[in-house]
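Enquirer: This is the structure I have questions about; it appears just below.
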Amino acid sequence: MEAKKVYLIIFLIIVCLFSRHALAKVKGLCSNCHTMHFSQTPWPTGWGSSGPNPALLVNDCVGCHSSSSSSTYYDLGGCEVPTVLYTGAGQPTSYLAGGNFWWVKAGLGGEDTKGHNVFLGEDDSLTEAPGNSVGSCGTDACHINLSEQYSGPDMVFVLNGKYGCQGCHLNVKHHANDHPNGESGLVDSADKGWYRFLSGHGFTGEGVKGYEYKDWEAGHPNLAPGGIAHNEYIGDATATGYGFLQAGGAGDGVTAFCTGCHGNFSHGGQGSSSPWEMHPSDAVIPNSGEYANAFGANGTGTGTYDPLVPVARTSLPSSDPSQVHIGTDLVQCLSCHRPHGSPYFKLMRWDYKNWPGGGDDKCSVCHTIKN
Amino acid sequence: MIQDSGFRIQDFSLIISLSFGLLIYGHMAMAGPYTDSAHGNSTYGVNRTATAGFVYATGNCAHCHEQHASIGGSEPEPASGNASPFCLFADNFSGATSNPYNNQSDDFCFYCHCYTDSVSLQTPSFTNYDYSHTFGGYTSSTPASIYAAFNQTFYHNLYDIQDFAKINFSSFFKSDSNPCVACHNPHLAKRNKEYPGAPGYTAISKPTAHAELWGDSAGETMNDYAPSFYQAPYRYSGGCEPDGGTCSDLTGQAQKTPDYVTFCQDCHSYNMTGYGLSHTPINWNMDKHGKTARTGTNIKLPYDVNGTVSNYVLSCLDCHEPHGALNIFLIRPEVNNGEVTVLTGTGEGPCGGGRINKEWVYLCERCHEGLRADGNHPHPTHLGCLTCHPHGADYRLCTDCHYHGSNSIDGNPYGEPLF
């Protein structure tokens with residue numbers, strides 16, 4: 001009996017010692033997300049209707065990351081869960097920096113040109129990823145579309161049968177040791193799960209590095225410029241290729257990840273400055289000409305960070321997240337696009353298509369005389 | 001107290017008026033240089049038919065620039081197959097060393113600036129008449145597009161322009177830049193053709209000041225170049241150039257005309273003999289048609305030798321078309337309210353009579369008296385008739401002696417400028 005007490009005390013000490021790790025990443029009760037037998041009666045509200053699911057989950061990706069509240073996250077039993085799909089009738093007024101799938105989801109926005117349609121069998125807009133430079137992984141490969149189940153080789157991360165969210169978030173690690181749920185932190189390694197679980201195939205050993213802001217930029221897209229409440233991205237202007245490794249790779253930021261599928265839009269395809277052949281991504285915003293006035297810098301070299309037009313940094317953490325350093329910081333894919341979905345044509349972060357006359361001219365944040 | 005109330009009512013009215021004014025014109029104050037330009041205007045700006053299919057707004061960048069060499073993974077017409085410099089939907093220039101420019105792909109601008117001379121990508125298609133038509137009021141002038149203008153017998157050679165600009169204006173002009181961009185900033189250029197008397201709508205930018213328009217600001221008109229010395233020529237349809245305004249308002253018309261001399265001199269003050277321009281560099285200070293004092297009296301109206309102006313200074317575009325012409329040296333088809341035909345310089349000219357080399361009279365007599373056989377020849381007597389009219393031989397070309405920078409005859413100094 002005494003021995004049992006000793007073991008219990010030792011167990012409790014161990015739990016207490018490692019409790020910080022237990023609080024990192026997701027937090028709250030295991031039953032928020034997992035079920036042992038997928039057999040509850042009555043069936044809990046909010047659980048998925050199909051299953052059982054891998055990892056004993058109560059729902060699929062979108063199921064858990066959906067909310068009828070228009071916000072960047074919602075509370076699930078004490079755990080803050082980012083909302084990627086708003087399920088309300090009208091379009092969301094607040095959404096993640098990466099956007100929301102509301103605009104593409106059939107029965108909601110239902111417009112495939114406004115986002116990546118990750119819902120099974122729904123994408124009927126494109127036959128392959130624009131700028132696809134892979135081309136040979138089969139018609140159901142993630143490089144072709146995200147709405148068909150992949151039937152090819154597992155590519156280390158057991159991708160067979162996967163589609164949708166897992167087409168990009170290849171190796172989701174909700175229990176990775178990154179930073180506490182609800183707090184900010186730099187995510188820059190495989191152990192931490194990579195930024196937003198965005199990684200290359202397992203054989204690359206590479207993934208996206210970035211700084212995750214604690215509340216998923218709550219209030220976005222209505223955050224005022226000049227604040228610090230935003231994610232931070234990294235870019236690499238010296239890169240020469242696409243993806244993480246191909247033709248020299250495109251660095252270790254979001255641009256590298258995007259160009260894994262949209263390879264021709266990368267350093268390898270966009271040409272070089274003077275003149276660019278495509279709009280550059282991961283290129284330094286020059287501190288000259290009209291760009292010297294970018295982000296309101298007015299030639300001072302320092303502008304005001306605008307969450308609607310996020311720049312990438314050459315290293316993280318940045319010295320002052322409220323500023324843009326002209327001549328150092330970079331334009332990136334995310335400067336113009338929201339990967340999940342946006343209210344605007346081609347996943348744009350602002351209403352580019354209807355400008356001028358209407359719409360919005362955020363292009364002139366950098367192209368300051370093109371307004 | 002009553003007075004005070006009245007004052008408040010007036011004050012209130014003023015506020016209301018100002019408020020309405022802001023509401024009505026506020027967007028103009030907010031507009032930037034691009035949206036003020038011809039290409040960026042939301043009503044009549046760029047509107048590529050294929051791109052408009054995606055419902056891009058008129059004036060939107062996407063009508064000319066495909067940021068990823070495609071839209072939605074495919075390429076709207078014209079599909080060149082490759083990404084093009086400056087993210088344009090096609091290459092700027094084919095490298096054609098001479099005209100005819102048989103294909104719109106020879107110059108990116110031709111895709112839209114072709115009216116019905118080819119298939120314009122712009123909806124709706126539109127005209128760009130030459131200077132004589134637009135500012136000279138000579139509506140018989142036929143080229144209705146830039147494409148057609150450059151496909152005339154004589155033209156500003158696009159290859160040469162590109163080559164020259166690459167060498168001399170490399171601060172903004174790149175190896176893949178469009179030759180047209182040497183003189184026009186497509187993000188600033190306005191529709192001067194719609195407002196010929198308003199240089200604020202100028203379409204040109206000096207190569208040495210590409211980031212701004214030329215002619216729209218103080219110090220950039222012909223009146224600034226030659227204060228009280230620039231007399232705009234007659235306009236074919238009445239009045240004086242550029243808009244048919246009152247000819248006696250010398251200063252007013254001069255203020256409506258961009259300083260084309262300074263503009264053209266950005267290039268033509270260089271020695272351009274390598275480009276076949278043997279009479280360069282041009283120094284307008286040293287020519288009589290420029291700032292050097294006149295010596296003769298045989299000038300026609302509106303130039304008035306008996307008037308108060310002691311010397312007249314011409315604008316380059318008083319005689320030359322900027323893009324192209326049927327006349328040699330890009331001489332305008334209409335000058336000072338008269339038609340001009342100088343196809344070779346060697347023709348009979350307006351006098352006929354079977355003798356050749358008199359064609360330049362068409363041009364010169366637009367402003368000078370006495371150039372015909374029965375005229376009072378203005379040449380000084382010491383030259384002698386045979387200098388130009390040798391027995392048993394053809395007349396000498398006017399341009400043997402009269403050309404930019406000339407001050408000698410057959411190598412013998414004349415003692416004063418001959419042009």
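The values are calculated or read from the model by the stated rules, or taken from the named source; none is laboratory data. Small disclaimer: the values here were computed from a predicted structure and weren't measured. Every residue, glycine among them, receives a Cβ derived from its backbone with ideal geometry; neighbour counts consider all protein chains shown.
Enquirer: Looking at B:T262, is it among the β-branched types (V, I, T) and not in a helix (DSSP H, G or I)?
Expert: Against the criterion (among the β-branched types (V, I, T) and not in a helix (DSSP H, G or I)), B:T262 does not qualify.
Enquirer: Just one of A:G327, A:G359 is on the phi > 0 side of the Ramachandran plot, more than 18 Å from the chain's Cα centre (by Cα), within 14 Å of chain B (Cβ to nearest Cβ) and not in a helix (DSSP H, G or I); which is it?
Expert: A:G359
Enquirer: Right, here's the next one. Given the condition at pLDDT 90 or above, touching a Phe, Trp or Tyr at 6+ places or on another chain (Cβ under 6 Å) and of a type in the set (S, T, N, Q), answer yes or no: does some residue in the stretch B:75-96 qualify?
Expert: yes
Enquirer: Check whether at least one residue in the stretch B:65-76 is more than 11 Å from every other protein chain (Cβ to nearest Cβ) and either touching a Ser or Thr at 6+ places or on another chain (Cβ under 8 Å) or small (G, A, S) (or both), and report yes or no.
Expert: yes
Enquirer: Of the conditions (1) in a helix (DSSP H, G or I); (2) buried (at least 22 other Cβ atoms within 10 Å of the Cβ); (3) at the interface with another protein chain (Cβ under 8 Å from one of its Cβ atoms), A:L334 fails just one. Which one is it?
Expert: (3)
Enquirer: Something else: Do we have any residue at all in the stretch B:294-316 that's in contact (Cβ under 8 Å) with a residue 12 or more places away in the chain, in contact with a Gly (Cβ under 6 Å, 6 or more places away or on another chain) and under 30 Å from B:A144 (Cβ atoms)?
Expert: No.
Enquirer: Separate question: Of these, A:H367, A:H267, A:H279, which one is over 20 Å from the mean Cα position of the chain (by Cα), modelled with pLDDT under 95 and of a type outside the set (D, E)?
Expert: After ruling out the rest, the residue left standing is A:H267.
Enquirer: Within the stretch B:77-119, how many residues are surrounded by 18 or more Cβ atoms within 10 Å (Cβ to Cβ), within 14 Å of another protein chain (Cβ to nearest Cβ) and part of a loop (DSSP other than H, G, I, E, B)?
Expert: Number of matching residues: 6.
Here is a yes/no grid of residues against (1) more than 13 Å from chain B (Cβ to nearest Cβ); (2) closer than 20 Å to B:P85 by Cα; (3) crowded, with 20+ Cβ neighbours inside 10 Å:
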| position | (1), (2), (3) |
| --- | --- |
| A:P286 | yes, yes, no |
| A:F295 | yes, no, yes |
| A:S319 | yes, no, no |
| A:Y352 | no, no, yes |
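Enquirer: Let me ask something else. Which of the following residues is among the polar types (S, T, N, Q) and either at pLDDT 90 or above or touching a Leu at 6+ places or on another chain (Cβ under 6 Å) (or both): B:S42, B:S19, B:S5?
Expert: B:S42
Enquirer: Tally time: how many residues in the stretch A:243-284 are away from chain B (no Cβ under 14 Å), of a type outside the set (D, E) and surrounded by 19 or more Cβ atoms within 10 Å (Cβ to Cβ)?
Expert: The total comes to 12.
Enquirer: A:T240: of a type outside the set (D, E, K, R), more than 11 Å from chain B (Cβ to nearest Cβ) and under 23 Å from A:H367 (Cα atoms), yes or no?
Expert: Against the criterion (of a type outside the set (D, E, K, R), more than 11 Å from chain B (Cβ to nearest Cβ) and under 23 Å from A:H367 (Cα atoms)), A:T240 does not qualify.
Enquirer: Has the stretch B:69-79 got any residue that is more than 30 Å from B:G239 (Cα to Cα) and of a type in the set (D, E)?
Expert: Yes, the stretch B:69-79 has at least one match.
Enquirer: Taking the conditions exactly as written (at the interface with another protein chain (Cβ under 8 Å from one of its Cβ atoms), assigned to a loop (DSSP other than H, G, I, E, B) and hydroxyl-bearing (S, T, Y)), does B:Y44 satisfy them or not?
Expert: It is false that B:Y44 is at the interface with another protein chain (Cβ under 8 Å from one of its Cβ atoms), assigned to a loop (DSSP other than H, G, I, E, B) and hydroxyl-bearing (S, T, Y).
Enquirer: Something else: Find the residue count for the stretch B:255-277, including only residues that are within 15 Å of the chain's Cα centre (by Cα) and of a type outside the set (S, T, Y).
Expert: 10
Enquirer: Select, from A:P92, A:P130, the only residue that is touching a helix residue (DSSP H, G or I) at 6+ places or on another chain (Cβ under 9 Å) and within 14 Å of chain B (Cβ to nearest Cβ).
Expert: After applying the criteria, what remains is A:P130.
Enquirer: For A:Y352, all conditions in the list (1) out of contact with any Cys (no Cβ under 9 Å at 6 or more places or on another chain); (2) free of Cβ contacts under 8 Å to residues at least 24 places away in the same chain; (3) in a loop (DSSP other than H, G, I, E, B); (4) under 30 Å from B:N92 (Cβ atoms) hold save one; what is the number of the exception?
Expert: Of everything listed in (1) out of contact with any Cys (no Cβ under 9 Å at 6 or more places or on another chain); (2) free of Cβ contacts under 8 Å to residues at least 24 places away in the same chain; (3) in a loop (DSSP other than H, G, I, E, B); (4) under 30 Å from B:N92 (Cβ atoms), A:Y352 misses just condition (1).
Enquirer: Here's a follow-up. Does the stretch A:105-127 hold any residues that are surrounded by 24 or more Cβ atoms within 10 Å (Cβ to Cβ) and within 14 Å of another protein chain (Cβ to nearest Cβ), and which are they?
Expert: A:K114, A:G115, A:H116, A:N117 - these are the residues of the stretch A:105-127 that are surrounded by 24 or more Cβ atoms within 10 Å (Cβ to Cβ) and within 14 Å of another protein chain (Cβ to nearest Cβ).
Enquirer: Only one of B:K288, B:K300 is surrounded by fewer than 19 Cβ atoms within 10 Å (Cβ to Cβ), within 30 Å of B:P380 (Cα to Cα) and not aliphatic (A, V, I, L, M). Can you tell me which?
Expert: When all the criteria are applied, what remains is B:K300.
Enquirer: Another question, if that's okay. If the Cβ limit is 6 Å and pairs must be 6+ apart or interchain, which residue in the stretch B:185-205 that is within 12 Å of B:F135 (Cβ to Cβ) pairs with which residue that is of a type in the set (D, E) and part of a loop (DSSP other than H, G, I, E, B)?
Expert: Listed pairs, sorted by first residue: B:P196/B:D243; B:G197/B:D243; B:P199/B:D216; B:T202/B:D216.
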